[in-house]
Structure formats: structure tokens, C-alpha cells
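Below is one structure, written out as C-alpha cells; comments come after it.
The values are calculated or read from the model by the stated rules, or taken from the named source; none is laboratory data. The structure presented is a predicted model; accordingly, all values stated were derived computationally and were not measured. Because the Cβ atoms are built from the backbone with ideal geometry, glycine has one as well, and the counts that use them run over all protein chains shown.
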């Protein structure tokens, strides 16, 4: 039985760049994940495991509630310009929230940073998904998704290991700084090639709207 599998494929420049940007973002948060609860319990005055649970809930609740209206708003505008700007803004917010943990000393500080993080990822999910799905390679859409998931998985696994080591040797603050830097690197990577989404002739001037490449939708993990 022959399955005809072949690994001779060409991935578009857009997909490669967006996968790399996704990797930077999630790799940064991979540093933070292993030490998050330990940091709160050991370093925040009056914090307990209940505090950790509330902090996690704040993030997921705000992210889940906000990303639907954000997605509806982005869908109302034809073209990809609004998605691109929302994506850059989300990465900036996420980066700031990572830095915010470095200054947290009280329980409410943690809650405020988690709220900010929730807003950032509520912007990130629909904007990244819209742009990524709109540029999928027609002959291997599933592969594009798999490559993104695989690359992100390896990145999180690697930085998750390193996060614990770095926190032990250099302190928690260094981990938060790394997470913020990686988020900003993701934004810088996309800003370095805006023509992938916004053609140079159309940036900064009134011009016909750049239409999305197709109507493919995407879910996120």
C-alpha cells in the first residue's frame, strides 16, 4: 500500500514569518509558566494557592469574554490592516504584562497584571488567527497549522526547562524580563516586513482596501 507521502513542500514567506513570530511569543511565556505559581506563593505578601487560582481565573475569564467582541469588530472591517495593527498592539500589551510581574509585590498587583495579559491575548488570538488563516498555502493548509503547533510546542518545552534553571540562578525577575523581550521581538519581527500584509504602496495613504485572501477560519489551542 502506497500513501504517497512527500516532504518536498514550499512554505510561503508569510507563513514562515508568522510561525516564527508565534514561536517567539509562546517561547517567552514558556520561560514563565514553570515558576509562576511558585513566584506568587513565595514572593507576594499574603498570597496562597487560592491566590494563584484566582489569578489564573482572571486571565482566562477576561481573555475568553473579550476575544469574541474583538473578533466581531475585526470582522466588520474588510481587509487585513486592522488585524495587523491589532496583532502588533496585542504583542506590546503582552510584553508589558510580562514586565509587570517584575514590579508585583501585592496580590492585587498580580491580579492587575493578569487582567492586562488577558486583554493582550484576547487581541492576539483573533488577529493572528485571521491573518494566518488568510494566507495558508493552498496545497498544504493542514501542514501549515501543524508546523506552527509543532514549532510552538518545541519552543515552549525548551524554554519551560530553561525558565526553571534561569529563575534558580538569576532570580524570577530575569524570567519576566525574558518573556517581555520575546513578546517585543515577535512584534519587531512582524513590523520589519509589514509589506507581507500591507503593500508598501498602500501604507500611509488612502487606497483601496486590501481584501483577505480567503474566508478560511481557524481555531486556537
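Identify, by number, the condition in (1) over 15 Å from the mean Cα position of the chain (by Cα); (2) modelled with pLDDT of 95 or more that residue 117 doesn't meet.
So the condition that residue 117 fails would be (1).
Let me confirm something: among 180, 173, 157, which residue is in a helix (DSSP H, G or I), touching a helix residue (DSSP H, G or I) at 6+ places or on another chain (Cβ under 7 Å) and surrounded by fewer than 19 Cβ atoms within 10 Å (Cβ to Cβ)? Step through it out loud before you land on a result.
Numbers: 180 fails: surrounded by fewer than 19 Cβ atoms within 10 Å (Cβ to Cβ); 157 fails: touching a helix residue (DSSP H, G or I) at 6+ places or on another chain (Cβ under 7 Å).
Only one candidate qualifies: 173.
Return yes when residue 165 is closer than 19 Å to residue 86 by Cα, modelled with pLDDT of 80 or more and assigned to a helix (DSSP H, G or I) and no when it is not.
No; evaluated as a whole, the condition is false for this residue.
Would you point out the residue of region 39-48, among those that are in a helix (DSSP H, G or I) and free of Cβ contacts under 8 Å to residues at least 24 places away in the same chain, that is surrounded by the fewest Cβ atoms within 10 Å (Cβ to Cβ)? Spell out how you get there, then give the answer.
Applying the first criterion (in a helix (DSSP H, G or I)) to region 39-48 yields 39-43.
Narrowing the set further to residues that are free of Cβ contacts under 8 Å to residues at least 24 places away in the same chain leaves 41-42.
On the way: 41: 13, 42: 10.
So the residue we want is 42.
With respect to residue 124, determine if the residue is over 23 Å from residue 21 (Cβ atoms), touching a helix residue (DSSP H, G or I) at 6+ places or on another chain (Cβ under 9 Å) and touching a residue at least 40 places away in the same chain (Cβ under 8 Å). Talk me through it step by step, then tell me what you get.
Values: over 23 Å from residue 21 (Cβ atoms): no; touching a helix residue (DSSP H, G or I) at 6+ places or on another chain (Cβ under 9 Å): yes; touching a residue at least 40 places away in the same chain (Cβ under 8 Å): yes.
Taking the combined requirement at face value, the residue does not satisfy it.
Please verify whether region 203-212 includes one or more residues that are in a helix (DSSP H, G or I) and at pLDDT below 95.
Within region 203-212 (the criterion being in a helix (DSSP H, G or I) and at pLDDT below 95), the answer is no, since none of the residues qualifies.
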